[in-house]
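Peer 1: What follows is a single structure, and I will ask about it in a moment.
The values are calculated or read from the model by the stated rules, or taken from the named source; none is laboratory data. Quick caveat: nothing in here was measured; it's all calculated off a predicted structure. Glycine gets a Cβ as well: all are built from the backbone with ideal geometry, and neighbour counts include every protein chain shown. Keep in mind that these areas ignore ligands, DNA and RNA; they rest on the heavy atoms of the full protein, side chains included. Shrake-Rupley method; radii C 1.70, N 1.55, O 1.52, S 1.80 Å.
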Amino acid sequence: MQVFNTFFKITKKQLPSFITYFVIFTVLLSIMSSIGTGNNAYQDTRMDVAIFNNDGSKKGEYLEKYLTEKHNIVEVENDDEVIQDRLYFQVIDYVLYIEDGFKLTNIKRPGTTTGAYVDSQIDTFVKTFDSYVIAGYSEDEAYEKTIAAVDNKDLVSMKGKGNTKPTIYYFFTYLSYIFLGLLINVLAPVIIALNKKGVKERTDISPLSSKSRSAQLIGASVILSLVIWLGFMLVSVVMFKGEVFKDINAFLILNALCYLILSAAIVTLISNFQLKAQAISMVSNVLSLAFSFLGGVFVPMEIFGDTMLKIAKFIPTYWYVSAADSIMEGVMNKDIFMCMGIQLLYALAFFAISLVISKRMRVSRAS
């Protein structure tokens, strides 16, 4: 247990730095969670809309009905001059014409972006409705399914807010950013110290096998990581009390544990390289921010395009956030365990790569 004991001796010397990092990241996490609840809350904004439906079809009727539920419908004379006056004096925001054959034209209030919001709703409704009709549903059935589908989409308002997720969700989501950044700053320096040329050479000439050394190093890293995980779980219990264990929220804790193991694996891989303190800090910032932005932590995945989503699936954080999203739905499903399993597979891959690199560096030094 020589490497194991040495690991914690070095950790003990860095205890003040560790406590400082933990406190800083805890405060940062609390602030981010509170801000996240406000910044990610959206609600539909009701615009003042005038509709002239000259189509006579059910599709046109349903579109008008949908917009009536979403916006304030304003009665106005169908006269170009009157309409322009109403738009100029901000009596109405948007005018929609539904002509024969379901041909849509519109007039928007100039100098604003509010019209784009209504355009987006109309486009979403029409495409979804058409998809259900093509799939073989009647127009009545297609309308019901379209309403259910579009209401489940988080249509982002350009002037408002709404669709709030609880603070506990943002706490655990942002925890992925904190775990990776904190572990790189705290754990990497300890492993790098053990990998220094003089220390490593003394270990290499001892009876200790390379496999045993690596196993002890990984084991010690996991234990230190678990201490960090436990610390943040205690913080979550203090912040949210019984809510952490309510319904299936407890799986947020298990999901966080999976990501913590993944973060530890990433750190062991990075630690194979003799990085200086400044370089460690830079790597910490780059990796944690990149994983958070591309993985859906700081940018909601709902606004990702198809190409961006394909890229995000290669980022381990994507699966962590996906698991958290599924847990927040309040229904146990296989997707939760699949996302956790993928995180652990990533961790296994990083640990394996770390072992390979470590072995090659040892052989290189020996030659």
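Peer 1: Across segment 104-132, what is the number of residues that are surrounded by 13 or more Cβ atoms within 10 Å (Cβ to Cβ) and either more than 37 Å from the chain's Cα centre (by Cα) or within 18 Å of ASP55 (Cα to Cα) (or both)?
Peer 2: Total meeting the criteria: 8.
Peer 1: Of the residues SER358, SER322, SER326, only one is surrounded by 12 or more Cβ atoms within 10 Å (Cβ to Cβ), touching a helix residue (DSSP H, G or I) at 6+ places or on another chain (Cβ under 9 Å) and modelled with pLDDT under 85; which?
Peer 2: Numbers: SER322 fails: modelled with pLDDT under 85; SER326 fails: modelled with pLDDT under 85.
Being surrounded by 12 or more Cβ atoms within 10 Å (Cβ to Cβ), touching a helix residue (DSSP H, G or I) at 6+ places or on another chain (Cβ under 9 Å) and modelled with pLDDT under 85 holds for just one of SER358, SER322, SER326, which is SER358.
Peer 1: Within segment 52-92, which residues are part of a helix (DSSP H, G or I) and of a type in the set (Phe, Trp, Tyr)?
Peer 2: Start the filter on segment 52-92 by keeping residues that are part of a helix (DSSP H, G or I), which leaves 58-70, 80-88.
Residues satisfying the conditions are TYR62, TYR66, TYR88.
Peer 1: Do you know which residues across segment 230-252 are in contact (Cβ under 8 Å) with a residue 40 or more places away in the chain and of a type in the set (A, V, I, L, M, F, W, C)?
Peer 2: PHE232, VAL235, MET239, PHE240, VAL244, ILE248, PHE251, LEU252
Peer 1: Would a scan of segment 274-281 turn up a residue that is of a type in the set (A, V, I, L, M, F, W, C), free of Cβ contacts under 8 Å to residues at least 40 places away in the same chain and farther than 18 Å from CYS339 by Cβ? Break it down stepwise before answering.
Peer 2: Keep residues of segment 274-281 that are of a type in the set (A, V, I, L, M, F, W, C), which gives 275, 277, 279-280.
Next, from what is left, pick out any that are free of Cβ contacts under 8 Å to residues at least 40 places away in the same chain: 279.
Remaining after also requiring farther than 18 Å from CYS339 by Cβ: 279.
So far as segment 274-281 goes, yes, one or more of its residues are of a type in the set (A, V, I, L, M, F, W, C), free of Cβ contacts under 8 Å to residues at least 40 places away in the same chain and farther than 18 Å from CYS339 by Cβ.
Peer 1: Please specify each residue of segment 241-283 satisfying the condition of being outside any helix (DSSP H, G or I) and surrounded by fewer than 24 Cβ atoms within 10 Å (Cβ to Cβ). Let's see the steps before the verdict.
Peer 2: Within segment 241-283, the first condition is being outside any helix (DSSP H, G or I), and the residues that meet it are 246-249, 271-276.
Within segment 241-283, LYS246, ASP247, ILE248, ASN249, ASN272, PHE273, GLN274, LEU275, LYS276 meet the criteria.
Peer 1: Same structure, new question: Which condition number in (1) under 20 Å from LEU344 (Cα atoms); (2) out of contact with any Leu (no Cβ under 6 Å at 6 or more places or on another chain); (3) in contact (Cβ under 8 Å) with a residue 12 or more places away in the chain is the one that SER263 fails?
Peer 2: (2)
Peer 1: Take the residues in segment 329-355 that are among the small types (Gly, Ala, Ser) and farther than 25 Å from GLN274 by Cα; name whichever of them is most open to solvent (accessible area, probe 1.4 Å). Before the answer, list the steps.
Peer 2: In the first step, residues of segment 329-355 are kept if they are among the small types (Gly, Ala, Ser); the result is 330, 341, 347, 349, 352, 354.
Now narrow it down to the ones that are farther than 25 Å from GLN274 by Cα: 330, 341.
Numbers: GLY330: 47, GLY341: 28 Å².
Only one residue tops the list, namely GLY330.
Peer 1: Which of (1) assigned to a helix (DSSP H, G or I); (2) at pLDDT below 90 does LYS153 not meet, given it meets every other one?
Peer 2: Result: LYS153 fails condition (1) only.
Peer 1: Could you figure out which of (1) within 30 Å of VAL299 (Cβ to Cβ); (2) modelled with pLDDT of 90 or more isn't true of LYS103?
Peer 2: The failed condition is (1).
Peer 1: Here is a check on your reading of the model: is LEU294 in contact (Cβ under 8 Å) with a residue 60 or more places away in the chain and either open to solvent by 20 Å² or more (accessible area, probe 1.4 Å) or polar (S, T, N, Q) (or both)? Give the derivation first.
Peer 2: On the way: in contact (Cβ under 8 Å) with a residue 60 or more places away in the chain: no; either open to solvent by 20 Å² or more (accessible area, probe 1.4 Å) or polar (S, T, N, Q) (or both): yes.
Criteria not met by LEU294.
Peer 1: Next question. Of the numbered conditions (1) touching a helix residue (DSSP H, G or I) at 6+ places or on another chain (Cβ under 7 Å); (2) more than 23 Å from ALA352 (Cα to Cα), ILE261 fails exactly one; give the number of that condition.
Peer 2: The number of the failed condition is (2).
Peer 1: Sticking with this structure for a sec: Considering only residues that are farther than 19 Å from THR68 by Cβ and not in a loop (DSSP other than H, G, I, E, B), which ones fall in segment 93-104?
Peer 2: Listed by number, the list holds a single entry, LYS103.
Peer 1: So, of the residues in segment 310-319 that are open to solvent by 50 Å² or more (accessible area, probe 1.4 Å) and part of a helix (DSSP H, G or I), which turns out to be farthest from LEU262 (Cα to Cα)?
Peer 2: Of segment 310-319, the ones open to solvent by 50 Å² or more (accessible area, probe 1.4 Å) are 310-311, 313-314.
Checking the rest, the ones that are also part of a helix (DSSP H, G or I) come to 310-311.
Working: LYS310: 21, ILE311: 19 Å.
Across segment 310-319, the extreme among qualifying residues is LYS310.
Peer 1: Could you tell me whether segment 331-349 includes any residue that is free of Cβ contacts under 8 Å to residues at least 60 places away in the same chain and basic (Lys, Arg)?
Peer 2: Yes, the conditions are met somewhere in segment 331-349.
Peer 1: Taking the criterion of being outside any helix (DSSP H, G or I) and over 13 Å from the mean Cα position of the chain (by Cα), would at least one residue in segment 299-307 satisfy it?
Peer 2: Of segment 299-307, the ones outside any helix (DSSP H, G or I) are 299-300, 304-305.
Narrowing the set further to residues that are over 13 Å from the mean Cα position of the chain (by Cα) leaves 305.
Looking through segment 299-307, at least one residue is outside any helix (DSSP H, G or I) and over 13 Å from the mean Cα position of the chain (by Cα).
Peer 1: Continuing with the same structure: Restricting to segment 66-103, give me the number of residues that are under 37 Å from the mean Cα position of the chain (by Cα) and free of Cβ contacts under 8 Å to residues at least 24 places away in the same chain.
Peer 2: Looking only at that region, the number is 2.
Peer 1: Right, next: I'd like the residue in segment 15-51 that is part of a loop (DSSP other than H, G, I, E, B) and of a type in the set (D, E, K, R) and, out of all such residues, is modelled with the lowest pLDDT.
Peer 2: In the first step, residues of segment 15-51 are kept if they are part of a loop (DSSP other than H, G, I, E, B); the result is 40-47.
From what is left, the residues that are of a type in the set (D, E, K, R) are 44, 46.
Working: ASP44: 57, ARG46: 83.
So, considering only residues that are part of a loop (DSSP other than H, G, I, E, B) and of a type in the set (D, E, K, R), the one modelled with the lowest pLDDT is ASP44.
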